[in-house]
1. Restricting to region 113-129, name every residue that is open to solvent by 30 Å² or more (accessible area, probe 1.4 Å), assigned to a helix (DSSP H, G or I) and among the hydroxyl-bearing types (Ser, Thr, Tyr).
2. Does region 144-165 include one or more residues that are open to solvent by 10 Å² or more (accessible area, probe 1.4 Å) and under 30 Å from HIS68 (Cβ atoms)?
3. Just the residues that are open to solvent by less than 20 Å² (accessible area, probe 1.4 Å) and at pLDDT below 90, please, taken from region 261-279.
4. Which ones in region 196-215 are more than 19 Å from GLY226 (Cα to Cα) and either open to solvent by 80 Å² or more (accessible area, probe 1.4 Å) or assigned to a helix (DSSP H, G or I) (or both)?
5. Based on what the data block shows, is THR148 of a type in the set (S, T, N, Q), out of contact with any His (no Cβ under 9 Å at 6 or more places or on another chain) and over 18 Å from MET245 (Cβ atoms)?
6. Give the residue, chosen from ASP239, ASP230, that is on the phi < 0 side of the Ramachandran plot, surrounded by fewer than 16 Cβ atoms within 10 Å (Cβ to Cβ) and among the charged types (D, E, K, R).
7. What number of residues in region 68-83 are crowded, with 23+ Cβ neighbours inside 10 Å and touching a Pro at 6+ places or on another chain (Cβ under 9 Å)?
8. I'd like to verify a number: residues in region 84-112 that are more than 18 Å from LEU263 (Cβ to Cβ) and open to solvent by 50 Å² or more (accessible area, probe 1.4 Å), how many?
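The values are calculated or read from the model by the stated rules, or taken from the named source; none is laboratory data. Remember, predicted model here, so these are calculated numbers, not experimental data. Because the Cβ atoms are built from the backbone with ideal geometry, glycine has one as well, and the counts that use them run over all protein chains shown. Surface accessibility is based on the protein's heavy atoms, side chains included, excluding ligands, DNA and RNA. Shrake-Rupley method; radii C 1.70, N 1.55, O 1.52, S 1.80 Å.
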Amino acid sequence: MPEGATPTTTAGRSGRDLPTAVAVGAGLLVVVGLALFVWPPAFVGLAVLAVGGALWELSQAFVRRDVHLPLAPLWVGAAGILVSAYVAGTEAMFVSFVLTVLGALVWRALDGYGPRGLRDAAAATFATAYLPLMAGFAMLMLAQPEGTWRVLLFILLPVASDTGGFFAGVRFGKHPLAPAISPKKSWEGLAGSFLLASLVGVVGMVLLDAPWWWGLVLGLATPITGTFGDLAESLLKRDLGLKDMGTLLPGHGGILDRLDSLLLTAPFAYLMLSAALGG
């Protein structure tokens, strides 16, 4: 997302090992691309693994505040939400979501009631809505006509937003966007996000034989949803006293640190691509 600190080197401004981050990011795109175009169900499996890992990271972070997620039912439910979204559509996805929440509540209730149980149950409901339910919209896209291309465009839009925001923020960033939450993000970086995401959106929609202006709409919406997703996770990490949610992805942090902008973008991308391309 948009960065805007002022040290003299790119790595210093971003606070990341830039070469490692670029290499890991490129590797992830290759893996995702292969899963999408070689055998789309493999992408569903990849999403299940990613969401499962993110749930584990979130559970480890919540322990710092003595909140304990019931991981077993959440892992099973996450797989059910994603697979049912791909195989059976929107209604099945939401039914799986409700069943997952109920399963987590029952699982936690078996360990006792009271304020701690209520807090853990609320956290489980939040985790289910935040991770597998939002990711489920990508599975809905995948199941639509030209689904692999829709999902690829959905992924490339936040990547373009992040990339445009990073370089514009590093080069021109002077005015903080949300200094109390994420001081490195700048308004100049956000402008770079809009610019590159709009370009990718327009090119993507033209290649999909859709009106170009839908690409502009996507390009303008993605930095907004992505920035909200990133700021929401930054606020959560700040409250938990964390810099990153994990260390599984060198140069990026944890899995959730890479999914934050994608998660909130997914439902909007699904709706807009359905409107533009049908579904």
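1. From region 113-129, those open to solvent by 30 Å² or more (accessible area, probe 1.4 Å) are 113-116, 118-119, 122, 125-126, 129; that's our starting set.
Remaining after also requiring assigned to a helix (DSSP H, G or I): 115-116, 118-119, 122, 125-126, 129.
Within region 113-129, THR125 is the sole residue that qualifies.
2. Among the residues of region 144-165, not one is open to solvent by 10 Å² or more (accessible area, probe 1.4 Å) and under 30 Å from HIS68 (Cβ atoms), which makes the answer no.
3. Within region 261-279, no residue meets the criteria.
4. Quick first cut of region 196-215, residues more than 19 Å from GLY226 (Cα to Cα) only: 203, 205-213.
If the condition is that a residue be more than 19 Å from GLY226 (Cα to Cα) and either open to solvent by 80 Å² or more (accessible area, probe 1.4 Å) or assigned to a helix (DSSP H, G or I) (or both), then VAL203, MET205, VAL206, LEU207, ASP209, TRP212, TRP213 are the ones that fit.
5. Values: of a type in the set (S, T, N, Q): yes; out of contact with any His (no Cβ under 9 Å at 6 or more places or on another chain): yes; over 18 Å from MET245 (Cβ atoms): yes.
Yes, satisfied.
6. Values: ASP230 fails: surrounded by fewer than 16 Cβ atoms within 10 Å (Cβ to Cβ).
The match here is ASP239.
7. Residues of region 68-83 that are crowded, with 23+ Cβ neighbours inside 10 Å, as a first pass: 69-70, 74, 77-78, 81-82.
This time we only want the ones that are touching a Pro at 6+ places or on another chain (Cβ under 9 Å), so: 74, 77-78, 81-82.
Residues in region 68-83 being crowded, with 23+ Cβ neighbours inside 10 Å and touching a Pro at 6+ places or on another chain (Cβ under 9 Å): 5 in total.
8. 12
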